[in-house]
Amino acid sequence: KGLEWPVRSTNTGGMFSNNLNEGCIQDGLIQLLLTSRGERPMRLDYGTDLRRSVFAPLDAVTLSDLRSSVLNAIAKYEKRVVVRSFELIPEVATSSISIDLVFSLKDDVLSHHRILLSVNTQGVSING
């Protein structure tokens, strides 16, 4: 059980509606990916370097560091999932990075869930 992402003011449950099960875990993963390390008070290591990475050169070193940042954050803060595949797709021309993350719930390893998101200097696009 957790907060629904994104926060919507039209929910019948109010501004902070709850989300259950797979949706809760998926929303938690999206929040983890999009939170910059150092952004959350009292948990300065929570999050990833995804948003900062779009301002860095999109070379092999940056992508390797980002991959480690994301996988370490998932391992530390979202222990309810098993990462099945993880792909970083840099788009140098638009200064953006796309993520394709496929995961299973630890208690239901036969199901697969997917998060596709793209981050650039203008913002974030989430599909899935």
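Below are the figures for this structure:
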| quantity | calculated |
| --- | --- |
| Cut-off 14 Å between beta-carbons: net charge of the residues surrounding Ile97, Lys and Arg +1, Asp and Glu -1 | -3 |
| Portion, in percent, of the accessible area of region 17-128 that falls on carbon or sulfur, probe 1.4 Å | 52 percent |
| Where region 16-128 is the region considered: accessible area per residue in Å², 1.4 Å probe | 55 Å² |
| Neighbour cut-off at most 15 other Cβ (10 Å), DSSP loop, trypsin sites (Lys or Arg not before Pro), region 34-77 | Arg43 |
| In Hz, Karplus ³J(HN,Hα) per residue of region 66-82 (6.51, -1.76, 1.60; θ = phi - 60°; x = Gly, Pro) | 5, 4, 4, 4, 5, 5, 5, 5, 5, 4, 7, 10, 10, 6, 7, 10, 10 |
| Cβ-defined net charge surrounding Val82, 15 Å radius [Lys, Arg +1; Asp, Glu -1] | +2 |
| Ser96 long-range amide H proximity, modeled H, under 5 Å | Glu91 |
| Using θ = phi - 60° and Karplus 6.51 cos²θ - 1.76 cosθ + 1.60, couplings along region 22-33 (whole Hz; Gly, Pro as x) | 4, x, 5, 5, 5, 4, x, 5, 4, 4, 4, 4 |
| Inter-site label distance for Arg84 and Asn127 at 7 Å from Cα along Cβ, in nm | 1.9 nm |
| Formal net charge of residues neighbouring Ser118 (Cβ-Cβ distance under 15 Å; K, R +1; D, E -1) | -1 |
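The values are calculated or read from the model by the stated rules, or taken from the named source; none is laboratory data. What you are looking at is a predicted structure, and each value in this text was computed from that prediction instead of being measured. For neighbour counting, all protein chains shown are included, and Cβ atoms are generated from backbone atoms with ideal geometry for every residue, glycine included. Just the protein is used for accessible areas: all its heavy atoms, side chains included, with ligands, DNA and RNA removed. Shrake-Rupley method; radii C 1.70, N 1.55, O 1.52, S 1.80 Å.
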